[in-house]
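Just so you know, all these numbers are worked out from the coordinates, no wet-lab data involved. Fair warning: this is a prediction, and the values are worked out from it, not measured in the lab. Glycine gets a Cβ as well: all are built from the backbone with ideal geometry, and neighbour counts include every protein chain shown.
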Amino acid sequence: MLIRAIAPEERVQYDSVVSHPVQSWQWGEFKKQSGLKVERVGFFEHNALARAMQITFHPVPLLGSVGYAAKVFAPDGEQLDALKQAARKHSAIFTKIEPDVFAPVDAPDPEADRLDAFIREHGGTNGELIYTQHDFHLDLRPDDNALFAAFATKTRYNTRLAMKKGVEIVEETSEAGMEAYIRLMIETTQRQKFYSHSPEFFRTLWRVIGCDEHSMLRIFHARYSGEVLAAWLVFIFNKRLYYPYGASSNQHRELMASNLMMWHIIQYGKANGCVDLNMWGALGPNPDPNDSFYGFHRFKQGYNPVLMKNLGAYDLVHKNLGYRIFKQLNALRWRYLRFRRR
């Protein structure tokens, strides 16, 4: 097998073999604009690209950098060797790896156990998750009637209510659409009291990904009497639909605009050939009602998706002393952020 860096002219082939939006070429370009170094590595069999992965390197003053391989393919020896080689190039303290490997929470998964053992045998240790341990996935292959009938009774009621009251769902994939999302995102985080990316994060996302002629980003608004009540950002990538970012207004919450938005997104994905909707984040099989994300979990659950458990996060440590120092500093940083939030 030949392992080498991916050239810009190989972008189309690269995107065809990676599985998740954060592994896409567009996402890598977005991360470059955020000030990060990006490495794309291809694994070739018989002169054809078989697999690929993207690694971002985050600078850490005085210590070097931290590598991050998010949502990559199931780890094997060649992948881990390539990660270590890229880490040496960028003086990385450690590389965090979060494989795009998941299975239903209620089904035994021997492959997950095998991969976990394999990573640990090759120097991996438990790492802090960046993405959630659990996600909701909805199979989009059934017809509309079957999908709608499977929703929770309250979810069906709320969706019909929004239709009856005149809520309208429109695509607004534009700079103005993104700015409306940012305004509602600020309202939502203040109301729900959780962290979100900064407005500049989303503006850069628009400049780099939204303006790409082959953009995977779509922006949708739920409107009522000309007012935007909800705004969602979704990705379409390799026949899968992803719902990573949503925000809603403090006004007219009784109109259940977000319920109609989800139904529209489901239909949009089906019309564009998507076979699966990844709702991007859940609390797990026994959610805590006091958790700030409980409302989002319950909202998604109403659409009768399958709760999936991801393999997890692992740190491949390259510099033991630097890793210990980083962990201590990061713990202090999170203490400060939690204090400021209170």
Practice problem: Compute the relative contact order of the chain as a whole-number percentage, counting only Cα pairs closer than 8 Å that sit 6 or more residues apart in sequence. | Solution: 23
Exercise. Restrict the search to the range 1-103; then list the GluC sites (Glu not before Pro) that DSSP places in a loop and that have at most 11 other Cβ atoms within 10 Å of their Cβ.
Key: none
Quiz item: If packing is taken as the mean number of other Cβ atoms within 10 Å per residue, what is the order of 18-28, 308-318, highest first?
Solution: 18-28, 308-318
Quiz item: Of all the C-alpha pairs in the chain, what % are more than 30 Å from each other?
Solution: 40
Exercise. Express in nm, to one decimal, how much length is gained between Ala48 and Ala271 on full extension, taking 0.36 nm for each residue of separation and deducting their alpha carbon distance.
Key: 77.2 nm
Quiz prompt | Under the Karplus curve 6.51 cos²θ - 1.76 cosθ + 1.60, θ = phi - 60°, whole-Hz ³J(HN,Hα) for the range 179-185, x wherever Gly or Pro sits | solution = 5, 5, 4, 4, 4, 6, 4
Quiz item: At 222 nm, what helix-only mean residue ellipticity would the chain give, in deg cm²/dmol to the nearest 500, using -39500 (n - 2.57) for each DSSP H run of four or more?
Solution: -12000 deg cm²/dmol
Quiz item: Using a Förster distance of 35 Å, how high is the FRET efficiency between Arg191 and Asp143, based on the Cβ-Cβ distance and rounded to 0.05?
Solution: 0.45
Quiz item: In square nanometres, what is the average projected area of the Cα convex hull of the range 187-342?
Solution: 12.7
Exercise. Take every Cα-Cα distance within the range 255-296, group them into 10 Å bins from 0 onward, and report for each bin the whole-number percent of pairs it holds.
Key: 23, 38, 33, 6
